[in-house]
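Novice: Pasting a structure below so you can have a look.
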Amino acid sequence: MKRMTLAALLLAATMGMNAQKPMKAPQGGKAISDELIGIFFEDISSSADGGLYAELIQNGSFEYSPAERDGWGPGTAWRQVRPGHSLGTMEVRKTEGIHPNNPTYMRLYVERVKEYYDYKGWKGYGLENEGFKGISVKAGQKYDFSVFLRNSENAKQIRVVLGIPQGWNKDPKLLAEATINVDSKDWKKYEAVLTPSEDCKNAVLQVLVLNTGVIDIDMVSLMPQDTYKGHGLRKDLAQALADLRPKFMRFPGGCVVHGGGDGFWNTYRWKTTIGPKEQRRGLKNTWGYHQSMGLGYYEYFQFCEDLGMQPLPILPCGVSCQGTNGGWGMKDQAQDVVPMSEMDEWVQDVLDLIEWANGDVNTKWGRMRAEAGHPKPFGLKYLGIGNEERISPEFCERFRYMYKKIMEQHPEIVIVGTAGPGSHPGNPDLENGWKLADELGMPIIDEHYYEKRDYFLTSRQYDNYPRHRKTKVYLGEYAAKDKKLIDALAEGLYLLHVERNGDIVAMTSYAPLFAKKDVTNWNPDLIYFDNERPYLTCSYYVQQMFGQSSGQYYYGDCVDIQDASNLQGQSVILNVKTRRLYVKLCNASADAKKANINLSRFSLKKQATKTVLSGQADDENNYEAQPIAPKKETIKAQKKFSIDMAPYSMLMLEYQL
């Protein structure tokens with residue numbers, strides 16, 4: 001045996017002696033994008049706070065406002081508690097807060113904390129938080145509690161209690177507790193760890209002052225220590241996204257980017273979502289609630305890194321959503337625009353983001369990223385400008401200005417443009433968006449459409465797109481308008497069409513991604529969830545099948561479906577990097593079909609994996625039942641064979657080469 005050098009031994013140990021080298025693709029394949037399946041995260045239907053962001057306390061910064069939802073205010077999700085008949089009052093304050101971005105806090109005036117007569121229960125005066133319709137905790141798991149407090153003249157003790165409500169005028173059943181000594185007359189962060197003694201789906205958190213006097217409280221937090229890769233995201237929801245194997249994530253919106261119907265005052269500005277969480281600026285959400293920004297740009301980029309996704313941040317273009325000022329449905333949809341004399345501010349936001357994401361630690365913004373805990377650059381490649389704006393002359397003027405300024409300094413960044421809210425042939429926004437893309441030589445343009453299943457069953461839009469254009473398509477938002485199995489299969493057929501046109505379509509992402517039970521703004525969604533678990537739709541499993549079968553080459557001549565119609569489709573995808581071959585078949589009809597498959601040009605290993613998703617057309621996964629899930633089995637690999645396609649089914653064969 002030939003002796004290996006030390007360097008070779010180290011390389012082999014790192015890469016593995018049996019690591020596969022990329023293979024040469026057999027003839028007959030068409031080069032396509034291997035980033036076709038990504039995800040689009042927008043904070044809609046409580047996707048972030050109370051969802052992917054693992055924080056368990058609602059309104060912990062007391063920044064909720066009636067401007068966000070009727071009846072809301074700093075006390076939303078809180079109530080006064082005074083066990084032992086303690087006495088006190090509370091006052092909402094906005095002066096001398098922790099930070100100008102986080103001005104609101106609660107001042108407690110504690111007048112009496114002694115036990116009343118022979119009362120043997122708890123004592124103290126303070127606040128109780130119900131979380132997001134209950135705090136869900138698990139026995140034996142650790143939860144990090146933190147709070148900012150500012151004391152008056154005398155030192156105080158704070159009792160922190162995690163408990164199960166026992167009804168009106170009764171102390172909760174104790175799950176966990178901790179005591180904090182408050183000794184600072186300036187704002188100071190205090191921390192404790194709570195370990196519940198049993199599971200509970202609807203726990204509450206009490207913060208009780210045990211001494212008389214005045215004390216200020218802000219930024220109350222309860223976070224599970226067991227989050228996805230320790231980065232503050234809810235594990236089950238993050239894992240559901242990881243299992244899709246997405247290649248990129250678009251964020252933070254959507255209409256959230258440019259303030260939706262509220263206009264520029266409510267525009268999402270990335271710089272106020274990074275840094276210490278007590279210094280981030282909360283925002284009214286376009287969909288009618290509050291964004292704490294606990295899930296901000298740093299967390300988005302970190303999550304992309306954790307999942308091996310390309311980040312695709314979307315920044316505003318100086319033009320508001322056409323829904324501003326009641327514009328939706330108007331003959332001439334209204335748009336607010338930034339004066340051209342002020343556009344450099346918006347350009348600078350983009351340039352600073354690129355430096356924050358990719359800059360060296362010696363740059364201003366790169367240093368801020370490093371100080372937050374990430375000295376290594378994130379490696380930003382894609383960046384979107386604008387979202388679904390009407391492609392008006394005002395939009396085009398501002399987009400051109402931003403595009404040219406960015407390209408002058410960062411020609412390496414791939415800019416993603418927008419084609420408006422309805423990207424169908426004949427739509428003026430689509431035509432104007434593509435005209436602008438051709439003029440600028442834009443690399444990618446973002447198309448959106450939501451349609452009934454019949455559109456996805458019958459339309460083959462990208463077959464007719466010209467091949468000579470430099471600009472590629474990002475299908476950034478799409479979905480059939482229901483969540484039955486037949487809708488998911490319609491989307492599957494359309495994705496097979498997209499794969500066939502993977503030389504034109506570079507990226508896709510289903511939308512919306514998440515929706516929380518009882519606070520859903522939009523239907524359908526890919527993943528529904530409550531405080532306990534995610535509920536995966538039929539469409540989720542179709543997306544997963546495509547995400548797990550990415551590749552660089554499409555073969556259209558390996559499968560012949562007998563008596564095929566628009567309700568059947570197929571694709572064969574080769575991944576030369578992983579040396580895997582994928583055959584996908586979809587049958588959205590009520591009749592069984594047979595497919596003849598010829599894989600003679602490929603060198604197959606002995607075994608293959610078969611995955612089948614099937615059921616009745618109207619089957620639907622929901623909170624009560626989950627009848628649809630993929631079934632896997634190992635089968636013998638064959639080069640020439642026939643396979644049955646069951647009614648209302650999607651099938652995938654995976655081979656190692």
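The values are calculated or read from the model by the stated rules, or taken from the named source; none is laboratory data. Here the structure is a predicted model, which means the values were calculated and not measured. Reconstructed Cβ throughout: ideal geometry from the backbone, glycine too, with neighbour counts over all protein chains shown. For the accessible areas, the whole protein counts, side chains as well, though only heavy atoms, and no ligand, DNA or RNA atoms are used. Shrake-Rupley method; radii C 1.70, N 1.55, O 1.52, S 1.80 Å.
Novice: Kindly indicate whether any position in the range 113-133 is outside any strand (DSSP E or B), on the phi < 0 side of the Ramachandran plot and modelled with pLDDT of 95 or more.
Specialist: The answer is yes; a qualifying residue exists.
Novice: For the range 285-321: of the residues being at pLDDT 95 or above and open to solvent by 20 Å² or more (accessible area, probe 1.4 Å), which is farthest from ASP43 (Cα to Cα)?
Specialist: GLY308
Novice: Scan the range 500-511 residue by residue and report those that are open to solvent by 10 Å² or more (accessible area, probe 1.4 Å) and not in a strand (DSSP E or B).
Specialist: If the condition is that a residue be open to solvent by 10 Å² or more (accessible area, probe 1.4 Å) and not in a strand (DSSP E or B), then ARG500, ASP503, ILE504 are the ones that fit.
Novice: Here's another thing I want to ask about it. Which one is nearest to CYS538 (Cα to Cα), of the residues in the range 621-638 that are open to solvent by less than 50 Å² (accessible area, probe 1.4 Å) and in contact with a Lys or Arg (Cβ under 7 Å, 6 or more places away or on another chain)?
Specialist: Top of the filtered list is ILE635.
Novice: Here is a further query. I'd like the full set of residues that are surrounded by 14 or more Cβ atoms within 10 Å (Cβ to Cβ) and either acidic (Asp, Glu) or farther than 19 Å from GLY569 by Cα (or both), limited to the range 640-657.
Specialist: Matches in the range 640-657: GLU654, TYR655, GLN656, LEU657.
Novice: Okay, next question. Please go through the range 362-371 and give me each residue that is open to solvent by 60 Å² or more (accessible area, probe 1.4 Å) and within 19 Å of GLN302 (Cβ to Cβ), ordered by number.
Specialist: Those that are open to solvent by 60 Å² or more (accessible area, probe 1.4 Å) and within 19 Å of GLN302 (Cβ to Cβ): ARG367, MET368, GLU371.
Novice: While we're looking at this one, here's another question. Given the residues PHE251, PHE264, which is the only one that is under 28 Å from GLY288 (Cβ atoms), in contact (Cβ under 8 Å) with a residue 12 or more places away in the chain, open to solvent by less than 10 Å² (accessible area, probe 1.4 Å) and of a type in the set (Phe, Trp, Tyr)?
Specialist: On the way: PHE264 fails: open to solvent by less than 10 Å² (accessible area, probe 1.4 Å).
Going through PHE251, PHE264 in turn, the sole match is PHE251.
Novice: Could you list all residues from the range 455-499 that are open to solvent by less than 10 Å² (accessible area, probe 1.4 Å) and among the small types (Gly, Ala, Ser)?
Specialist: If the condition is that a residue be open to solvent by less than 10 Å² (accessible area, probe 1.4 Å) and among the small types (Gly, Ala, Ser), then GLY476, ALA479, ALA480, ALA488, ALA490, GLY492 are the ones that fit.
Novice: Within the range 220-238, is there a residue that is on the phi > 0 side of the Ramachandran plot, free of Cβ contacts under 8 Å to residues at least 12 places away in the same chain and out of contact with any helix residue (DSSP H, G or I) (no Cβ under 7 Å at 6 or more places or on another chain)? Please lay out each step first, then the result.
Specialist: Applying the first criterion (on the phi > 0 side of the Ramachandran plot) to the range 220-238 yields 229-230, 232.
Remaining after also requiring free of Cβ contacts under 8 Å to residues at least 12 places away in the same chain: 230.
Restricting the remaining residues to those that are out of contact with any helix residue (DSSP H, G or I) (no Cβ under 7 Å at 6 or more places or on another chain) gives 230.
Yes - at least one qualifying residue is present in the range 220-238.
Novice: Given (1) open to solvent by less than 10 Å² (accessible area, probe 1.4 Å); (2) within 18 Å of ILE39 (Cβ to Cβ); (3) modelled with pLDDT of 95 or more; (4) of a type in the set (A, V, I, L, M, F, W, C), where does MET343 come up short, assuming only one miss?
Specialist: All conditions pass for MET343, except number (2).
Novice: Considering only the range 465-490, state which residues are closer than 30 Å to PRO411 by Cα, in contact (Cβ under 8 Å) with a residue 24 or more places away in the chain and not hydrophobic (A, V, I, L, M, F, W, C).
Specialist: Those that are closer than 30 Å to PRO411 by Cα, in contact (Cβ under 8 Å) with a residue 24 or more places away in the chain and not hydrophobic (A, V, I, L, M, F, W, C): TYR465, ARG467, ARG469, LYS470, THR471, LYS472, TYR474, GLY476, GLU477, TYR478.
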